[in-house]
Amino acid sequence: MENLKQPARSNKEEKNRQKIVVLRWGHRLQRDARLTTHVALAARALGASGFLLSDTIDEKIRETVEKVTRNWGGKLFFEMGTPWKSAVRDWKAKGGIVVHLTVYGENIQTSNVLDRIKNLRKDVLVMVGSQKVPKDFFSKDVSDFNVSIGSQPHSECAALAIFLDRFFEGKELVKEFKKAKIKVVPQERGKKTVVEC
């Protein structure tokens, strides 16, 4: 079987790589806990550097994400409670761009929106909502790009996963997570893990 391990990146490559941070907006404590956790875990697994749970605090989600990161390795910074407008303003002030994932945006498959985002070579804040987002999200003051993953109703977790996979061109699927205590051993059938203490 061919070795699918991704070659280690040099420090220079790591510094030049665009970083993605996911901002989750509109989290409702009881209703959205499971899906928001899945959005955070998808962000972590598929190459994002950080996760911002805006406008609210949910310690259970933080605990879950930190536990997964401790056991499965890698890094993901997690912040919560920051108002979304402040997060966007601060992100743009540091030179980053904002991408709003919405069914109403430019289609990732039929437009060149992804190329335009990548060609800017700036860090990206990806905004995903959990309920109907404020109309401000669509404005130039907030979003540099409104991107759709198809034009049919679907999960924000699915949209984020597809966006990250397209952005990183599948390389995130073979990324090795440093300091992992648990690793999956890919095989044709069954389940096998290696647990390091």
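Computed from the coordinates by the stated procedures, all read-outs in this text should not be read as laboratory data. Computed from a predicted model, the values in this text were never measured in an experiment. Glycine also receives a Cβ, built like all others from the backbone with ideal geometry; neighbour counts cover every protein chain displayed.
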Distance between the stretch 112-188 and the stretch 47-91 - C-alpha centres, whole angstrom: 15 Å
Backbone HN-Hα couplings from phi across the stretch 98-111 [Karplus 6.51/-1.76/1.60, Hz, Gly and Pro as x]: 10, 10, 9, 7, 8, 5, 8, x, 6, 5, 5, 8, 9, 10
The stretch 18-195, dipole about Cα centre (Lys/Arg Cβ +1, Asp/Glu Cβ -1), debye to the nearest 20: 600 debye
Gain on full stretching of the segment that runs from K92 to Q131 - 0.36 nm per residue minus C-alpha separation: 11.7 nm
Packing-based order for 189-196, 153-160, 59-66, using average beta carbon neighbours within 10 Å, highest first: 153-160, 59-66, 189-196
Packing-based ranking, highest mean first, of 25-31, 129-135 given that Cβ atoms within 10 Å are counted: 25-31, 129-135
Overall dimensions of the chain by Cα: Rg and Dmax, Å: 17.0, 50
Set K60/K118; K92/K178; K92/K181; K75/K132; K75/K135; K85/K132 screened for pairs whose C-alpha atoms are more than 25 Å apart: K60/K118; K92/K178; K92/K181; K75/K132; K75/K135
Gaussian network model of the chain, springs between alpha carbon atoms under 10 Å - residue of D115, D165, D144 with greatest fluctuation: D115
